[in-house]
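Everything below concerns the one structure shown next.
The values are calculated or read from the model by the stated rules, or taken from the named source; none is laboratory data. As the structure is a computational prediction, the values presented were derived from the model and not from experiment. As a convention, Cβ positions derive from the backbone with ideal geometry for all residues, glycine included, and neighbour counts pool all protein chains shown. Only protein heavy atoms, including side chains, enter the accessible area calculation; ligands, DNA and RNA are left aside. Shrake-Rupley method; radii C 1.70, N 1.55, O 1.52, S 1.80 Å.
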Amino acid sequence: MSVEKMKLLSITGREENIDQFISEYLLDSGLQTENAVKVFEKGWNLTNFKYDSSAKELAKSCKEILDKYKVKYKEDKELEQIEHPFEELEKGCIEIEENLKDFEQYISDRKTEREELLKREKLIEKIKNLDFDISKLESLEYIRFRLGKILKENYNKLDYSLRELNAILLKVNEEETKDSDEEWVICICSRENSAKVDSYLNLFKFERATLPSDMQGNSNELWNKYESMIQELNFDIENKENELSRIINRDIPDLIEIYYELNLYIKINNVKKFMAYDENGLFYIIGWIPAKELSQVLPKLSKEKSIKYNVKNHDEVVSIPPTKLKNNKFIKPFEILVKMYGLPNYTETDPTLLVALTAFFLFGFMFGDVGHGLVIFLIGIILSLKKNDMGPIFKAGGVSSMIFGVLYGSIFGNEEIIPSVFIKPMQSIKTMLIIGIATGVLFIIITMVMNIQNGIRNNDKKRVFFDTNGIAGLCFYLLILIAGIYFLLKGKMIVSAGLLSVFLIIPLLLIAFKDDIAKLIFKEESEEKSTIAEKIFGIVEVLLSFASNTISFVRIAAFAINHVGLCMAVTILSQMVSGAGSTIIFIIGNAIVIVLEGLVVAIQVLRLEYYELFSRFYSGDGKEYKPLREKI
């Protein structure tokens with residue numbers, strides 16, 4: 001219900017202690033930093049810290065290792081103090097990473113070697129029953145040799161085609177391929193016919209297998225040799241993987257701790273972006289902090305001999321404090337409506353309480369129905385469970401609608417279930433319109449009083465006394481109201497027309513010539529000079545704005561009556577159909593009323609808040625309070 005008090009805190013210390021100082025005092029602080037280079041008097045020789053990304057890059061490497069080995073750790077764990085210099089963390093991380101990489105590389109190389117042997121073994125397996133050194137066929141001068149596989153359905157066709165070229169096609173390892181669609185074969189032909197033979201082989205989709213040049217010897221002996229080598233590699237790989245697992249179990253806990261501390265360094269480097277240093281090895285930081293948090297920080301800073309600090313009030317500096325709203329849990333949800341328009345500046349009155357009360361009243365007045373309000377309330381509960389900021393607003397709107405539904409005696413548009421406690425809108429249109437106007441009058445007077453209060457807080461005498469929404473405007477508005485109400489009740493003027501005109505003209509003249517009067521009385525210079533014509537048009541604008549703003553609140557009565565009319569239409573339509581159709585029309589009709597009219601009423605509430613009320617007292621040009629603990 002107010003704006004929290006802020007203090008400007010500036011701190012200076014030795015640069016060699018900066019990391020420890022940041023981790024202990026700033027990471028979780030409520031300090032919202034300002035640009036130290038611009039604010040400090042020594043700003044001409046101060047330099048901003050450059051962001052150091054080394055901790056971030058190293059932490060990324062650590063995380064990749066942890067994720068690679070599917071290590072479980074708390075991603076959001078936070079350390080409060082630095083325990084090791086960054087260089088030590090860097091060294092430890094690199095040693096662990098390189099050690100793991102060496103083992104991984106060794107295991108990878110052995111697996112690659114094993115894969116090559118498996119390929120050779122698989123190839124030799126096809127021809128291991130041939131009891132000769134098949135590689136020697138490759139070196140014959142007049143004979144050409146081809147080894148490969150072909151579809152069984154193409155074997156006979158190929159064999160027939162090669163006969164005229166005096167080529168020989170032999171099946172190898174036929175027993176192992178009897179259940180396969182392919183046949184491994186050897187083709188032997190003369191050097192002169194090799195080109196034609198190759199063309200036939202390609203025609204019948206022969207897939208050639210080339211023996212590596214170092215595969216020499218008896219096929220069966222080679223197969224046994226490869227089998228033995230593969231077993232040795234399997235044993236070696238298994239041993240190295242077990243050793244790697246032991247290293248992981250030994251080093252990963254240390255890597256996790258390094259990762260946590262690196263994250264602390266990342267936050268420290270993020271804070272440094274808001275700090276500055278000078279050529280004498282001193283660091284500087286300055287910013288706004290809530291007064292209640294400052295009282296907790298200062299005793300700690302006082303114990304540090306190497307730290308110097310200074311505290312100033314907002315009126316002692318040029319910098320404008322940020323705005324931190326302070327509202328209880330019932331009012332706080334309505335801050336979102338205030339922020340949609342703009343935060344109050346530091347010296348403005350927080351309008352959240354006003355918004356909460358007026359929006360609650362206006363929505364219920366225009367949309368009063370127990371059934372519809374209950375539906376909106378349930379929607380609010382669902383949104384709240386999903387942590388949606390609009391959940392509490394919906395719940396408040398639902399409660400307001402139910403309260404006015406009881407006053408109107410309406411449940412889903414039916415006014416016969418419960419009696420009205422206060423009024424039936426459709427049957428008392430004139431009274432509803434009067435209530436709407438009276439509501440507008442009350443709200444406008446309240447906002448004018450708040451404008452005077454804001455003027456006092458900002459020491460703006462012209463705004464307090466001579467503004468349209470200051471004392472002069474308030475007096476004019478109250479005189480009009482009192483005279484008008486008296487005339488309606490008594491049928492005569494409260495004072496003579498001449499005297500009343502004098503009383504009304506005086507505040508209008510004060511408003512029109514406020515710049516000149518303020519200059520004369522308060523010695524305030526006006527930023528803009530206006531002509532007589534502009535002053536006259538200004539008076540006309542004042543008259544029109546008071547009239548239009550007041551009459552604008554007639555809409556709340558109109559929407560309340562309109563709501564009853566829409567509900568009556570839904571009820572009549574549902575009664576025109578019998579059976580389940582009547583229920584369906586009733587449900588759909590009420591759903592449309594809740595969605596469409598509820599949306600329109602909500603928009604009208606915001607319009608009245610922003611244009612009829614806020615425009616009289618509120619600027620909304622404040623900057624939001626964002627402390628370091630949220631920035632990093």
In nm², the average projected area of the convex hull spanned by the Cα atoms of the chain is 56.2 nm²
Rounded to the nearest 10 Å², what accessible area does E121 show when all protein chains are kept and the probe is 1.4 Å? 20 Å²
Could you check the spin-label model distance between K240 and C475? Points 7 Å from the Cα along Cα→Cβ, value in nm. 9.6 nm
How many Å² of accessible area per residue for the chain, probe 1.4 Å? 55 Å²
For the chain, the dipole about the Cα centre with charges only on Cβ (Lys and Arg +1, Asp and Glu -1), to the nearest 20 debye, works out at 3640 debye
Of Y160, Y226, Y610, Y142, ordered by accessible area with the largest first and a 1.4 Å probe, the sequence is Y160, Y142, Y610, Y226
Expected vector for the stretch 453-461, Karplus 3J(HN,Hα) from phi with 6.51, -1.76, 1.60 and θ = phi - 60°, integer Hz, x for Gly and Pro, equals 4, 5, x, 5, 5, 9, 6, 9, 5
May I ask you to list the GluC sites (Glu not before Pro) in the stretch 498-600 that are in a DSSP loop and have at most 14 other Cβ atoms within 10 Å of their Cβ? E525, E527, E528
Positive-end extreme of charge dipole, the stretch 346-419 - chosen from F377, P351, Y408 (charges on Cβ): F377
Taking the convex hull of the Cα atoms, report for the stretch 239-359 its projected area averaged over all directions, in nm². 15.3 nm²
Tabulate in residue order the Karplus-calculated ³J(HN,Hα) for the stretch 106-111, using 6.51 cos²θ - 1.76 cosθ + 1.60 with θ = phi - 60°, rounded to whole Hz; enter x for Gly and Pro. 4, 5, 5, 4, 5, 5
Within the stretch 1-80: Cβ-based charge dipole about Cα centre, in debye rounded to nearest 20 (Lys, Arg +1; Asp, Glu -1): 240 debye
Considering only protein heavy atoms and a 1.4 Å probe, what is the carbon-and-sulfur percentage of the accessible area of the chain? 58 percent
Using only alpha carbon positions, build the gyration tensor of the stretch 51-102, then give the equivalent ellipsoid semi-axes as the square roots of 5 times its eigenvalues, largest first, whole angstrom. 18, 16, 11
Fraction of alpha-carbon pairs in the stretch 585-625 farther than 17 Å apart, rounded to whole percent, equals 54 percent
Helix-derived [θ] at 222 nm for the chain: sum -39500 (n - 2.57) over DSSP H runs of at least 4, divide by residue count, nearest 500? -18500 deg cm²/dmol
Need one value: the accessible area of K111 in square angstrom, 1.4 angstrom probe, rounded to the nearest 10. 70 Å²
Given Cβ charges of +1 for Lys and Arg and -1 for Asp and Glu, the option among N270, G287, I252 whose Cα lies farthest towards the positive end of the dipole of the stretch 215-316 is G287
FRET efficiency for E113 and S306, using Cβ-Cβ distance with R0 set to 51 Å, rounded to 0.05: 0.25
Environment charge at I393 (Cβ cut-off 15 Å; Lys +1, Arg +1, Asp -1, Glu -1): +3
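Output needed for the stretch 466-595: three equivalent-ellipsoid semi-axes, defined as square roots of 5 times the C-alpha gyration tensor eigenvalues, in descending order, whole Å.
Its equivalent ellipsoid spans semi-axes of 52, 21, 10 Å.
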Please compute the modelled spin-label separation between K523 and S496, points set 7 Å along Cα→Cβ, answer in nm with one decimal. 4.2 nm
Report the FRET efficiency, 1/(1 + (r/R0)^6), for E630 and K273, where r is their Cβ-Cβ distance and R0 is 22 Å, rounded to 0.05. 0.90
Here the relative contact order (percent) of the chain, from C-alpha pairs under 8 Å and at least 6 apart, is 20 percent
